[in-house]
Amino acid sequence: MQYKGLVFDFDYTLGDSTDGIVICVNYALNQLGYAQANREMICRTIGLHLQEIYQVMVTGQGKEVKSGEDEEFSRLFIEKADQVMTENTRFFPGALELLGEWKEQGYKLGIVTTKYRYRIEEILQKYQASNLIDTIIGADNVKRPKPDPQGLLWVAKMWELPKEQLLYIGDSLVDAKTAQAAGVDFVGVASGTTTKEELQQYPHVGVLDGIIGIRGLLV
């Protein structure tokens, strides 16, 4: 497999922000007058953009979605995330070491995520890992969030790489659909709430338990 660029989702692919996301979702719901959601329900929405998370949370409580309220939910979520997200985010064991290995081997490394770019930058700074990632495309950098391929195609253009030399790694069906829409090879990692069986329903060059297994695919 002659890939020259590796692009990753973040949540449940490279790391885990579950604690921070649960805090932020429930803060926004409370401020809007809704009941708190349970952790399991919130976990199933990780990887969706904030407007979609709002819709899932509200309809899950048997309430009707209100026009414009998704924007207020997003604002409140981000308000709280600025306080708690970075400190409540961790990389999966071995992930940073792998990124370092791939960087030394000459791969271009990027992140395309529904998190905001500055949030990823903060997390990388926390772990003194900013030098490992060449390009970050966050939800604040695109007009159309995943599964639209805009962010992934933008990376390919910036790196001047043909799609055949790009590999996208993610944990969710949103990620699988993003790679499919972009015409880019995909590796699924079942380190989130999506099962291997679900990921295997989409075009892939591998579906693994976690990011560590990718080392074997790139040999």
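The values are calculated or read from the model by the stated rules, or taken from the named source; none is laboratory data. Treat the numbers as computed from the prediction; the structure is a model and nothing was measured. Please note: Cβ atoms are built from the backbone with ideal geometry, for glycine as well, and neighbour counts cover all protein chains shown. Just so you know, the surface numbers come from the protein's heavy atoms only, side chains and all, with ligands and any DNA or RNA stripped out. Shrake-Rupley method; radii C 1.70, N 1.55, O 1.52, S 1.80 Å.
Rounded to the nearest 0.05, the FRET efficiency derived from the C-beta distance between Val65 and Gln105 at R0 = 35 Å is 0.15.
Taking every protein chain into account, the accessible area of segment 1-85 amounts to 45 square angstrom per residue (probe 1.4 Å). For segment 1-124, the spread of Cα positions along the three principal axes, ordered from largest to smallest, is 51, 27, 24 Å.
The charge dipole of segment 103-191, taken about the Cα centre with unit charges on the Cβ atoms of Lys, Arg (+1) and Asp, Glu (-1), comes to about 260 debye, rounded to the nearest 20.
Counting only alpha carbon atoms, the long axis of helix 50-60 and the longest principal axis of the chain meet at about 50°.
Multiplying the residue separation of Asp19 and Glu52 by 0.36 nm and removing their Cα-Cα distance gives an extension gain of 10.0 nm.
Taking all protein chains as present, what is the carbon and sulfur share of the accessible area of segment 44-165, in % to the nearest whole number, probe 1.4 Å? Roughly 46 percent, rounded to a whole number. Between the Cα long axis of helix 117-126 and the first principal axis of the chain there is an angle of about 70°, rounded to the nearest 10. Remark: relative contact order (the chain) = 25 percent; criterion is Cα-Cα distance under 8 angstrom and separation of 6 or more residues. The modelled label-to-label distance for the pair Arg39/Val84, using points 7 Å beyond Cα in the direction of Cβ, is 1.3 nm.
With 27 Å as the limit, the listed pairs Lys103/Lys143; Lys126/Lys177; Lys80/Lys163; Lys115/Lys196; Lys66/Lys157; Lys157/Lys196 have Lys103/Lys143; Lys126/Lys177; Lys80/Lys163; Lys66/Lys157; Lys157/Lys196 beyond it between alpha carbons. Here is how the number arises for the chain: DSSP H runs of 4 or more residues each give -39500 (n - 2.57), the sum is divided by the residue count, and the result at 222 nm is -12500 deg cm²/dmol.
Close amide H partners of Gly15, meaning residues 5 or more places away or on another chain with modelled amide H under 5 Å apart, are Phe92.
Between the Cα long axis of helix 18-31 and the first principal axis of the chain there is an angle of about 30°, rounded to the nearest 10.
Percent of Cα pairs in segment 115-169 per distance bin of 10 Å, from zero to the largest separation: 21, 49, 29, 1. To the nearest 10, the accessible area of Val65 is 70 Å² with a 1.4 Å probe. Distance between the 7 Å Cα→Cβ label points at Lys196 and Lys4: 3.3 nm.
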